[in-house]
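The values are calculated or read from the model by the stated rules, or taken from the named source; none is laboratory data. None of these values were measured; they are calculated from a predicted model. Cβ sites come from the backbone with ideal geometry, for glycine too, and all protein chains shown count toward neighbours. The protein model used for the area step is the full one, side chains on, heavy atoms only, and it has no ligands, DNA or RNA in it. Shrake-Rupley method; radii C 1.70, N 1.55, O 1.52, S 1.80 Å.
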Amino acid sequence: MKEVVIGGVKVTNPDKILFPDLGITKKDVVKYYADVAPLMLEYIKERPLTVIRCHGGDGECFFKRHPTNDRTLIHPIKVGKEEYFYIKSEKELIYQAQMGTIEFHVWGCRVNNIDKPDVMVFDLDPDESLNIKKLREGVVHVKEVLDELKLDSQLKTSGGKGFHITIHHEFKKSWDKFGELSNQIAKVLEIQWPNLFTTNIRKENRHGKIFVDFLRNKKGATCVAPYSLRARKGATLSMPVEWSDLNSILPDEVNIKNYMKFEKNFENY
Ligand code: ATP
Ligand code: MN
């Protein structure tokens with residue numbers, strides 16, 4: 001097949017294999033993004049993006065943070081001296097997939113309010129020796145602490161080793177104050193449950209623990225977007241899930257082939 005059209009976007013090389021382990025083609029990836037676009041767009045529209053593009057099954061992927069001269073279906077935005085880019089429609093999202101984008105990573109702020117973050121993220125990175133039961137325990141404790149602070153939080157799988165807990169809220173704080181708040185929350189976790197959490201970035205201090213990565217909460221840092229595929233084996237994805245699903249889901253469980261099974265989540269996001 002030479003060319004297909006999905007969501008108004010011409011897909012070139014639709015049969016190119018992007019995930020050789022599963023035989024997933026470029027057309028499958030573009031279709032996936034067309035499918036989740038209405039839900040996913042709510043999380044990524046009008047926010048600066050970093051994308052990971054891959055052009056084949058050879059594992060060669062690269063980050064793209066800045067727009068090039070070709071401004072087709074993207075919007076540039078200047079932040080300081082650098083130019084970044086964002087999208088705001090389903091067609092633009094689908095076009096990213098056409099351009100080879102597999103992963104979408106977002107900033108925690110909107111383009112019209114770059115200096116006022118509105119999404120806080122706690123990325124829980126479990127040490128290899130930590131079992132899933134302990135990881136889930138950690139997730140529950142994060143929620144407990146956030147509940148106490150009256151911060152409404154959402155859970156998603158990372159599509160890899162851990163879980164991400166996000167807080168969508170107008171913090172009305174500078175990036176510095178916002179980062180400090182996230183640091184303090186991480187410190188509370190570490191002090192309350194010292195055998196389970198560490199905020200120390202050094203890997204040798206993580207043994208048997210969860211690293212609470214709060215450093216996502218600074219200007220220019222990103223977190224993988226909800227519904228983004230991962231350019232990893234298994235074509236996993238970052239899936240928003242209910243808190244009540246925590247005990248029945250694994251961080252790398254949802255993928256491009258089974259995501260429809262988790263569709264009940266689609267109604268809530
Ligand atoms: P896992 O659960 O396997 O840790 P993850 O998405 O949380 O998956 P991390 O390595 O913990 O992966 O990174 C957290 C986030 O930091 C990513 O989602 C990504 O947005 C950002 N990030 C990580 N590495 C880089 C990098 N080299 N360049 C830019 N952003 C990065
Ligand atoms: Mn992580």
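The table that follows gives values for the structure above.
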quantity: Count of residues meeting criterion [of a type in the set (A, V, I, L, M, F, W, C) and buried (at least 16 other Cβ atoms within 10 Å of the Cβ)] in the stretch 1-16; calculated: 3
quantity: Answer residue from the stretch 184-211, given it is among the aliphatic types (A, V, I, L, M) and open to solvent by less than 70 Å² (accessible area, probe 1.4 Å) and is farthest from ligand 2 (Cβ to nearest atom) among those; calculated: VAL188
quantity: Strands (runs of 3 or more DSSP E) contained in the stretch 31-120 and holding at least 1 residues modelled with pLDDT of 95 or more and open to solvent by 70 Å² or more (accessible area, probe 1.4 Å); calculated: 61-64, 75-79, 82-86
quantity: Lone qualifier among VAL145, VAL140, VAL111 - being away from ligand 1 (no atom under 16 Å from the Cβ), without any contact (Cβ under 8 Å) to a residue 60 or more places away in the chain and among the aliphatic types (A, V, I, L, M); calculated: VAL145
quantity: Out of LYS187, LYS177, LYS156, sole residue that is in contact (Cβ under 8 Å) with a residue 24 or more places away in the chain and among the basic types (Lys, Arg); calculated: LYS156
quantity: Matching option when the condition is crowded, with 16+ Cβ neighbours inside 10 Å and in contact with a helix residue (DSSP H, G or I) (Cβ under 9 Å, 6 or more places away or on another chain), among PHE178, PHE214; calculated: PHE214
quantity: Total residues in the stretch 1-54, condition within 12 Å of GLN96 (Cβ to Cβ) and free of Cβ contacts under 8 Å to residues at least 40 places away in the same chain; calculated: 0
